[in-house]
Amino acid sequence: MNKVNESDVLRIIDYASSSQPLVLKQDESGNTHDEKGERRREDIQDPSNSALPKYTVLTLFTRRRIAMITIIMSYTWAVNSLTYYGLVLSSASLPLDRYLSFLLLSLAEYPVAVIEYFTLNKFGRKRICILFHALAAVSLIAGTIANYFSERAGAKIALMIFYFLGKLGISGSFSTIFLLTPELYPTNLR
């Protein structure tokens, strides 16, 4: 289809995977020959001669848009990680038994998998991530307020519900951000 001889491509792959360098010679008419004297097409290049640019962490800050994406996503990852592991580690201080609290907060991750399965391709990763962040933020703020009024009747149940919804939200945003982050960068920077 692209008028490239398959044996030439396989020879390049064999040389690239071996430790021997591929020696190419050009004759006076400009045709390329390998060391066996077999003619090669001009559009097939030796992979060892193709110079790929070197990327470092500083490459993420060379363009303004990529730099902004990097800064925002770094902040988002830090907030997600601190919130998620903060909830996991603070589950023992909730009003129920420490084991039951940990179990209930751990069960919050199962509905997230079902929600993501049905919504990620339909609504997009960014919208779902924003929705989960909003759910986590509102629930955890409400949980903090419910904790302040913990002496009142029903406040402990409300606290557990809000913490469960907060864990559900932050678990959803954490798993969605794994999918979202690589999609924001160009392929060569991933």
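The values are calculated or read from the model by the stated rules, or taken from the named source; none is laboratory data. Note that the coordinates shown come from a computational prediction; the quantities given were computed from them, not determined experimentally. No Cβ is skipped: glycine too gets one built from the backbone with ideal geometry, and neighbour counts run over all protein chains shown. Just the protein is used for accessible areas: all its heavy atoms, side chains included, with ligands, DNA and RNA removed. Shrake-Rupley method; radii C 1.70, N 1.55, O 1.52, S 1.80 Å.
Would you be able to say whether some residue in region 106-124 is within 18 Å of the chain's Cα centre (by Cα), open to solvent by 70 Å² or more (accessible area, probe 1.4 Å) and among the polar types (S, T, N, Q)? Yes: region 106-124 contains one or more residues that are within 18 Å of the chain's Cα centre (by Cα), open to solvent by 70 Å² or more (accessible area, probe 1.4 Å) and among the polar types (S, T, N, Q).
Listed by first and then second residue, the pairs linking a residue in region 81-95 that is modelled with pLDDT of 85 or more to a residue that is among the polar types (S, T, N, Q) and exposed (fewer than 12 other Cβ atoms within 10 Å of the Cβ), with Cβ atoms under 8 Å apart and 6 or more places separating them unless they lie on different chains, form an empty list. ALA146 fulfils the conditions (1) farther than 30 Å from PRO186 by Cα; (2) in a helix (DSSP H, G or I); (3) open to solvent by 80 Å² or more (accessible area, probe 1.4 Å) except for a single criterion, (3). Quick one: would you say ILE115 is β-branched (Val, Ile, Thr) and farther than 27 Å from LEU60 by Cβ? Considered against the rule, which asks whether it is β-branched (Val, Ile, Thr) and farther than 27 Å from LEU60 by Cβ, ILE115 comes out as yes.
Does region 59-80 hold any residues that are free of Cβ contacts under 8 Å to residues at least 60 places away in the same chain and within 19 Å of the chain's Cα centre (by Cα), and which are they? PHE61, ARG65, ALA67, MET68, THR70, ILE71, ILE72, SER74, TYR75, ALA78, VAL79, listed by residue number.
Just one of (1) modelled with pLDDT of 80 or more; (2) outside any helix (DSSP H, G or I) fails for SER74. It is (2). Residue-level analysis places ILE157 outside the set of residues that are touching an Asp or Glu at 6+ places or on another chain (Cβ under 8 Å), farther than 14 Å from LEU87 by Cβ and not in a loop (DSSP other than H, G, I, E, B). Among the residues of region 124-158, just one is within 17 Å of ILE170 (Cα to Cα), modelled with pLDDT under 90 and among the polar types (S, T, N, Q), namely THR144. The residues in region 149-190 that are of a type in the set (Phe, Trp, Tyr), surrounded by 20 or more Cβ atoms within 10 Å (Cβ to Cβ) and closer than 24 Å to THR70 by Cβ can be counted, and the count is 1.
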